[in-house]
Ligand code: PEP
């Protein structure tokens, strides 16, 4: 099973800062073996410069969002093809900040997934419940709806290209991490959903990331859970030292 560590920089870093980070990350990871696959998601302005720095390294680049249309009168938006051309291999889709701050609903997220796949990007689909939904015991119902509607009409040949990121909204940027067993429970539910909707084989092969206040201190415990295949990291991915400590979590546990 693959393990992936992905950093979502959100609206942080100028081009100069992003390029400096990419150069340092490349240097620190050069020649390292036995580490997870690594992805960084810079803001749109830095996608191409960062891709150029990372070309030929093992680190791949993701867009933080894409528009569902190929082109047209959508002021301020960027298409999947444009992100691909800028050097992206992945696109984060349905991040909770897109859902809550920009009103993206499952139907739109479904269109964005199709657009990303059509452009040859691998989507990282983010799903997760709010605190209120968790407290009302609605977590599985919400996850099920986000999967049903987000992946609506997509066949197994598309779904096998998708990475799922479980990101409980109450844990994002709050310093409150789901406990390893809370996260594992939802990851197992997601894998079970994939087995029913797709196939046992696809479900076993799908990379399911955890996101929500992951740090070098808690990464090892989260990643030791059987259905957690890596992490999507916001805050702790902005500093190259802390990001690398998470990437090297199996060597630095307890350090
Ligand atoms: C995120 O934005 O995807 C995220 C998980 O953020 P943080 O690590 O800061 O909670």
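Values in this text are rule-based calculations from the coordinates and carry no lab data. This is a predicted model, so every value here is computed, not measured. Note that we place each Cβ from the backbone using ideal geometry, even for glycine, and neighbour counts take in every protein chain shown.
So here's what we get for this one:
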read-out	value
Isotropic mean projected area of the C-alpha convex hull, the range 81-216 (nm²)	8.5
DSSP-defined antiparallel bridges as percent of all bridges, the chain, nearest 5	0
Equivalent ellipsoid semi-axes - Cα gyration tensor, the range 1-131, angstrom	25, 17, 14
Relative contact order (percent, whole number), the chain, Cα cutoff 8 Å, 6+ residue spacing	19
Two-site label geometry, residue 145 and residue 75: point separation in nm, points 7 Å out along Cα→Cβ	3.3
Label-to-label distance, nm, for residues given as residue 138 and residue 30 (7 Å Cα→Cβ offset)	5.2
Cα-projected label distance for residue 157 with residue 89, points at 7 Å along beta-carbon direction, nm	2.2
Exposure proxy order (Cβ contacts within 10 Å, fewest to most) of 28, 112, 13, 161	28, 161, 13, 112
Difference of contour (0.36 nm per residue) and Cα-Cα distance, residue 55 to residue 101	13.3 nm
Radius ratio Rg over Rh of the chain, counting only Cα atoms, Kirkwood formula for Rh	0.94
Residue with peak Gaussian network fluctuation, the chain [Cα springs, cutoff 10 Å], from 215, 14, 206	14
Length-normalised contact order of the range 175-235 in % [C-alpha pairs under 8 Å, at least 6 apart]	40
Fewest-first sequence of 88, 198, 126 by Cβ atoms within 10 Å of each Cβ	198, 126, 88
Helix-only mean residue ellipticity at 222 nm for the chain, each DSSP H run of n ≥ 4 adding -39500 (n - 2.57), per residue, nearest 500	-12500 deg cm²/dmol
